Amino acid sequence: MSAEFPTLAETVIATNRKHGFNGGGEHMFGRYVEHCMCGWRSTFEHRTYDDHIAAAVESAWHAGRTITSTDQLDALPDGSVILCASDEEVNRRTSKRDGRAEWWTPGSDQGVPTTEHLVPALLLWHPRWSKP
């Protein structure tokens, strides 16, 4: 992956490499059962391989965007947007003139410094993601 926080495309590619389709399936107990290289077989929860891959990509994309430390927050560039788990507020990163990070909630008139109350958080937007 090209960054600590992968793009959706990078997540899809990595997931497909891990969960390569295992050449089809077989008939078992009167129904067709699909297989995956990770050991998955079609069930009532994920009836098709596509459902299985969609769930795997969603899980990997969420995990890849989870922020667990203030160091990770400080490393993000200006313009990054996070969703804080503690207060379910969206915050956007900017820098003060001295280079310290500040996090702004829409509608607020003052930013807050990076502190433990912001983590865990989910990265909603990274400026690098807008580049092809």
Sort out which residues of the stretch 50-71 are part of a loop (DSSP other than H, G, I, E, B) and within 15 Å of the chain's Cα centre (by Cα), and write them in order of number.
-> Arg65, Thr68
Here the residues within the stretch 56-107 that are surrounded by 13 or more Cβ atoms within 10 Å (Cβ to Cβ), without any contact (Cβ under 8 Å) to a residue 40 or more places away in the chain and in the same structural domain as His19 (by TED's automatic domain parsing) are none
For the stretch 15-55, enumerate the residues that are buried (at least 16 other Cβ atoms within 10 Å of the Cβ) and either among the basic types (Lys, Arg) or modelled with pLDDT of 65 or more (or both).
-> Thr15, His19, Glu34, His35, Cys36, Trp40, Ser42, Tyr49, His52, Ile53
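Condition check ((1) closer than 19 Å to Arg65 by Cβ; (2) among the aromatic types (Phe, Trp, Tyr); (3) assigned to a loop (DSSP other than H, G, I, E, B)) across all residues:
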{"residue": "Asp98", "(1), (2), (3)": "no, no, yes"}
{"residue": "Glu102", "(1), (2), (3)": "no, no, no"}
{"residue": "Gly107", "(1), (2), (3)": "no, no, yes"}
{"residue": "Gln110", "(1), (2), (3)": "no, no, yes"}
{"residue": "Leu123", "(1), (2), (3)": "yes, no, no"}
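The values are calculated or read from the model by the stated rules, or taken from the named source; none is laboratory data. Quick caveat, the model's predicted, so the values are computed rather than measured. When we count neighbours, we look across all protein chains shown, and the Cβ atoms used for this are built from the backbone with ideal geometry, even at glycine.
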